[in-house]
Amino acid sequence: MWRTFMAEDGDRADFDVASIQDRWLPVWEALRPFRASESDDQRERMYVLDMFPYPSGDLHMGHAEAYALGDVVARYWVQRGRNVLHPIGWDAFGLPAENAAIKRGVDPAAWTYDNIAAQKASMKRYACAFDWTRTLNTCDPDYYKWNQWIFLKMFERGLAYRKASSVNWCPTDQTVLANEQVIQGLCERCDTPVTKKKLTQWYLRITDYAERLLDDMDQLESGWPEKVLSMQRNWIGKSTGANVDFVIEGREEPVTVYTTRPDTLFGATFFVVAADSDLAAELAAGSGAEEEFEQYLEQVKLTSEIDRLATDREKTGVFLNRYAVNPVNGERLPVWASDYVLADYGTGAIMAVPAHDQRDLDFAKAFGIPVRVVVASDEDPEQTGMATADDGPHVNSGPLDGLDKEAAIAAIIEILAERGTGEAAVNYRLRDWLISRQRYWGTPIPIIHCPSCGEVPVPEAELPVVLPPASGLDLQPKGSSPLGAAAAWSAVTCPSCGGGASRDPDTMDTFVDSSWYFLRYLDPANTDAPFSREDAEKWLPVDQYVGGVTHAILHLLYARFFTKVLHDLGMVSFTEPFTRLLNQGMVLMDGSAMSKSRGNLVKLSDELADHGVDAVRLTMVFAGPPEDDIDWSEVSAAGAKRFLARAWRLSRDVTSSPGADPAQGDLAVRQATHRTIAEAATAVERFRFNVAIAKVMELVNVLRKAIDSGVGPADPAVREGVEATAIILSLVAPYTAEDMWANLGHNPPVARAGWPEVIDDLVRQETVTCVVQIKGKVRARLEVPADVTQAELERLALADDTIARLVGEAPPRRVIVRAPKLVNVIPG
RNA sequence: GCGGGUGUGGCGGAAUUGGCAGACGCGCAGGAUUUAGGUUCCUGUGUCUUCGGACGUGAGAGUUCAAGUCUCUCCACCCGCACCA
């Protein structure tokens with residue numbers, strides 16, 4: 001009702017958000033201001049990329065923040081005259097589509113494409129500066145064909161392979177998970193405790209790239225947040241040490257263990273194999289300890305992953321009635337099986353040195369195994385219960401006695417190497433990437449299983465292997481892929497021998513889709529290749545990537561891996577895909593993440609209806625540094641709207657004509673304008689968008705005063721200032737800016753108006769305020785010429801009445817002069 | 001435990017190289033316009049104060065003419081990893 005009032009309330013209250021939005025949206029739709037030029041454009045290229053969304057519903061507050069931030073960067077560089085590529089697409093495969101299908105009986109494809117349509121409309125209304133001619137959906141056969149193609153290239157090179165292994169299994173989603181998708185023992189997606197299952201699955205050999213993934217981080221050092229780099233380093237988990245071979249009595253082959261402390265080899269008093277390893281079962285067989293071992297293994301299997309992760313758990317294990325022989329001194333070490341040794345790290349077996357490893361000590365104490373100190377220390381681990389990890393002279397270690405840690409490691413490696421029982425070794429925590437998923441809505445794995453030929457790649461000419469329609473398939477999770485039940489789809493003839501064969505029933509992890517999508521944007525309709533090498537060389541690597549820190553490991557590591565593989569395939573020349581990364585924070589409500597169950601969900605559509613697109617965007621950008629979280633309850637979209645109305649009113653008040661010569665205008669207003677332009681540019685380039693906004697707000701205040709009580713609305717400097725305001729605001733508040741631009745008598749789009757040129761003379765201050773301190777406390781201020789000399793400034797400062805009075809007669813002991821801004825007088 | 005980060009008014013946050021702490025906004029208070037106000041405009045707003053000033057950036061020390069900024073010690077909180085041998 002009050003809106004009706006406002007409309008009648010004369011020229012003050014005309015800032016009608018809804019009608020401004022309705023006016024400009026169709027105009028932009030026609031003008032397409034953000035199309036990246038395809039060829040022979042001489043402008044410098046720039047690739048600004050936002051992480052693409054999963055179409056799980058309409059856009060939410062998190063999207064609104066991320067896309068507002070990415071938009072500032074993209075729009076800024078467009079204004080600066082760059083040829084900016086700023087694309088968007090949809091990460092459209094994945095479980096939610098399938099779950100919706102199961103729950104509501106809709107086709108996953110229909111569900112997905114409906115959501116995409118809704119998000120696309122919302123994004124356009126949200127005025128995202130995307131190049132709408134380049135969108136992609138990963139669930140389109142045109143897209144996933146190239147997942148399959150890349151997979152086959154990897155298969156050819158041995159980078160994609162199948163193996164049987166104990167894998168992470170989500171009982172709820174009824175599918176396997178990559179290590180990266182298990183968070184604290186829970187399924188990343190549904191928080192169900194993850195269990196282990198022995199399955200034959202497809203893997204990508206990311207471990208082959210571990211060293212390069214680590215090394216190439218040097219290239220990212222200044223462009224990526226330190227946090228993300230450290231998380232990736234952590235995840236790759238490189239360690240150095242040695243492999244040592246231990247003979248097990250009664251076993252032909254020696255067992256290799258990996259250790260980071262080969263120098264403590266003389267302190268080994270027992271030997272442990274992972275309870276769930278094949279080796280443990282083998283050693284238990286015929287040892288007389290089978291029964292105990294079986295019982296123990298049962299118990300271990302029942303222990304959930306979460307319990308396993310509790311670090312303060314009691315050590316458990318079972319003696320296998322076997323002995324390993326220490327290669328350096330021939331000692332017999334009892335062999336135990338325990339779950340504190342992991343089957344899939346190192347070799348699944350360890351030498352245990354209780355004096356210098358806390359876990360081994362805990363175990364030794366629990367089972368009364370002797371502790372032998374081999375690195376001298378004041379503390380006795382057996383007494384204190386604390387293993388010592390400090391450096392120190394070695395003792396009880398034969399040839400290593402007296403050496404420090406570093407020397408001892410070098411010496412023992414040499415000794416082992418001479419005897420052929422060990423060598424220096426490097427280990428990684430990173431495991432190969434498990435990509436098989438027993439679900440429907442994903443990329444079919446393009447392999448045919450033939451009883452006589454084995455794994456046969458689908459011939460390239462037959463790609464894509466298209467998903468069969470969902471209708472008629474049982475998508476209910478049951479542990480095996482729904483595709484296997486699509487008999488007509490599954491049954492094929494072997495491309496190699498022509499015999500009966502079947503398709504691989506699994507689909508790929510959706511992280512495969514997002515590992516190279518940034519390349520597909522260059523040429524999303526290409527039918528000959530995933531992307532053109534020529535375009536890739538022109539546009540990539542991505543100059544600025546914007547997205548949430550939730551993908552710090554998963555997506556970013558996989559995308560880096562894919563880029564290196566594509567590099568090795570000769571398809572791209574660079575080795576890192578994203579030069580700079582900006583991780584935006586989250587949008588919270590009342591201190592915690594929004595969720596329906598918590599009852600603190602803020603609906604984006606409500607906020608947009610209440611305050612308008614521009615005010616919501618402005619609030620997101622002005623709230624603080626982009627990487628910080630925003631608590632929606634602590635910021636004010638109403639305040640943002642008020643500011644926009646204030647800025648917009650300026651454009652109504654200007655009475656000079658377009659093209660009026662600003663040189664004829666008021667100097668002070670011009671200076672304020674040009675300083676703002678310069679400061680806003682610096683702030684945007686440093687990602688201090690909130691500061692850029694603050695600067696525009698100051699300019700708006702100056703212009704308001706100039707109009708109301710200063711030079712008046714007809715001064716050309718006022719026009720210049722309001723035009724600059726519109727252009728700077730176009731980065732954040734495109735509707736308001738466009739309407740201001742029109743009010744000022746210009747044609748749309750303001751987004752392509754060009755960044756105003758800064759006149760240096762107007763930025764330079766001819767006089768500055770100099771503070772005069774006495775002993776570091778400000779006592780006076782002087783207006784001085786900006787180019788004042790040190791000597792002149794000192795004279796002026798000491799001549800100041802206040803200063804002269806406070807300093808007194810005696811000559812000052814010292815005067816520090818930093819012309820033109822500061823003088824500090826230390827009285828005698 | 002290991003690694004990364006953050007501590008500034010009632011709140012969100014500013015502050016190139018050490019050089020006026022608290023820009024800008026929110027909120028609050030007062031005033032003007034208004035029949036009215038979820039409008040607009042103006043003014044004030046770190047704390048204490050004997051109105052001269054004094055104190056003030058998590059705590060404590062140090063370097064310096066000068067420290068939010070540099071160094072050391074400590075505290076609190078957040079994030080990531082965590083039985084990885």
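The values are calculated or read from the model by the stated rules, or taken from the named source; none is laboratory data. This is a predicted model, so every value here is computed, not measured. Cβ: placed from backbone, ideal geometry, glycine included. Neighbour counts: every protein chain shown. Surface accessibility is based on the protein's heavy atoms, side chains included, excluding ligands, DNA and RNA. Shrake-Rupley method; radii C 1.70, N 1.55, O 1.52, S 1.80 Å.
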Nearest-20 debye value, segment A:448-521 charge dipole, Cβ charges on Lys, Arg, Asp, Glu: 120 debye
Express in nm, to one decimal, how much length is gained between residue A:329 and residue A:497 on full extension, taking 0.36 nm for each residue of separation and deducting their alpha carbon distance. 54.8 nm
Longest principal axis of chain A (C-alpha) makes with the long axis of helix A:689-709 (C-alpha) an angle, in degrees to the nearest 10, of 10 degrees
Kindly rank A:134-142, A:259-267 from highest to lowest mean number of other beta carbons found within 10 Å of each residue. A:259-267, A:134-142
In whole angstrom, note down how far apart the Cα centers of segment A:792-828 and segment A:533-593 are. 56 Å
With a cut-off of 8 Å between alpha carbons and a minimum separation of six or more residues, what is the relative contact order of chain A in percent? 13 percent
Segment A:233-249 - phi-based ³J(HN,Hα) in whole Hz, Karplus 6.51/-1.76/1.60, Gly and Pro as x: 4, 4, 5, 5, x, 6, 9, 10, x, 8, 9, 10, 8, 10, 7, 9, 4
Qualifying trypsin sites (Lys or Arg not before Pro) for segment A:402-481 [loop in DSSP, other Cβ within 10 Å: at most 12]: A:478
Counting only DSSP loop positions in segment A:258-359, the GluC sites (Glu not before Pro) whose Cβ has at most 14 other Cβ atoms within 10 Å are A:314, A:331
What trypsin sites (Lys or Arg not before Pro) in segment A:489-575 are in a loop by DSSP, with at most 15 other Cβ atoms within 10 Å of the Cβ? none
Taking H as built 1.01 Å from N, whose amide H comes closer than 5 Å to the amide H of residue A:780, not counting residues under 5 places away? A:772
Among A:587, A:573, A:540, the residue whose Cα sits farthest towards the positive end of the charge dipole of segment A:536-619, when +1 is placed on the Cβ of each Lys and Arg and -1 on the Cβ of each Asp and Glu, is A:573
Please list, in chain and number order, the residues 5+ apart from residue A:287 or on another chain whose amide H is under 5 Å from its amide H, with Hs placed from the backbone. none
With 21 Å as the limit, write out which pairs from A:315/A:365; A:198/A:478; A:705/A:821; A:103/A:301; A:238/A:564; A:120/A:538 have Cα-Cα distances beyond it, or answer none. A:705/A:821; A:103/A:301; A:120/A:538
Percent of accessible area on chain A owned by carbon and sulfur, 1.4 Å probe? 49 percent
Please state the shape class of segment A:738-783: rounded when a/c is under 1.5, otherwise prolate if a/b exceeds b/c and oblate if not, all from the C-alpha gyration tensor. prolate
Estimated 222 nm signal from helices in chain A, with DSSP H stretches of n ≥ 4 weighted -39500 (n - 2.57), rounded to 500: -11000 deg cm²/dmol
Given a cut-off of under 8 Å on Cα pairs at least six residues apart, what relative contact order in percent is computed for segment A:348-443? 16 percent
Could you give the C-alpha radius of gyration of segment A:370-440 expressed as a fraction of 2.2 N^0.38 Å, taking N as the number of residues it contains? 1.71
When only C-alpha pairs under 8 Å and at least 6 residues apart count, what is the relative contact order of segment A:173-264, in percent? 14 percent
According to a simple spin-label model (label point 7 Å from Cα along Cα-to-Cβ), what is the distance in nm between residue A:344 and residue A:606? 4.3 nm
Placing unit charges on C-beta atoms (Lys and Arg positive, Asp and Glu negative, everything else neutral), compute the dipole magnitude of chain A about its Cα centre in debye, rounded to 20. 1900 debye
Measure nothing fancy, just the Cα-based angle from helix A:61-79's long axis to the longest principal axis of chain A, in degrees from 0 to 90, nearest 10. 60 degrees
Whole-angstrom Cα spans of segment A:183-270 along principal axes, big to small: 53, 35, 25
Mean Cβ neighbour count within 10 Å, used as a protection proxy, ranking A:452-464, A:87-99, A:699-711, A:342-354 highest first: A:87-99, A:342-354, A:699-711, A:452-464
For residue A:488 and residue A:550, calculate 0.36 nm times their separation in residues minus their Cα-Cα distance, and state this gained length in nm to one decimal. 18.3 nm
Which whole-number value in Å² is the accessible area per residue of chain A, probe 1.4 Å? 43 Å²
Centre separation in Å (Cα based) which lies between segment A:64-86 and segment A:687-734: 21 Å
Mean Cβ neighbour count within 10 Å, used as a protection proxy, ranking A:185-197, A:757-769 highest first: A:185-197, A:757-769
Please turn the phi angles of segment A:408-418 into ³J(HN,Hα) values with the Karplus equation 6.51 cos²θ - 1.76 cosθ + 1.60 (θ = phi - 60°), one per residue in order, whole Hz, x for glycine and proline. 5, 4, 4, 5, 5, 5, 5, 4, 4, 5, 4
Taking amide H positions as placed 1.01 Å from N in the peptide plane, with prolines and chain starts having none, which residues 5 or more places from residue A:45, or on another chain, fall under 5 Å of its amide H? A:83
Figure the gain on full extension for residue A:590 and residue A:638 (residue separation times 0.36 nm, minus the Cα-Cα span) and round it to one decimal in nm. 15.5 nm
Find which of A:397, A:665, A:300 sits farthest along the positive direction of the dipole of chain A, computed with +1 on the beta-carbon of Lys and Arg, -1 on that of Asp and Glu, about the Cα centre. A:665
Over chain A, how many percent of alpha carbon pairs lie in each 10 Å bin up to the one with the longest distance? 2, 10, 16, 18, 16, 14, 11, 7, 4, 1, 0
Per residue of segment A:795-812, what does 6.51 cos²θ - 1.76 cosθ + 1.60 with θ = phi - 60° give for ³J(HN,Hα)? Whole Hz please, x for Gly and Pro, Karplus curve as stated. 4, 4, 5, 5, 7, 4, 3, 4, 5, 4, 5, 6, 6, x, 6, 4, x, x
Can you give me the angle between helix A:613-622 and the longest principal axis of chain A, using Cα atoms only, in degrees from 0 to 90, rounded to the nearest 10? 70 degrees
Taking every eigenvalue of the Cα gyration tensor of segment A:570-642, multiplying by 5 and rooting it, what semi-axes result, largest first, whole Å? 31, 16, 12
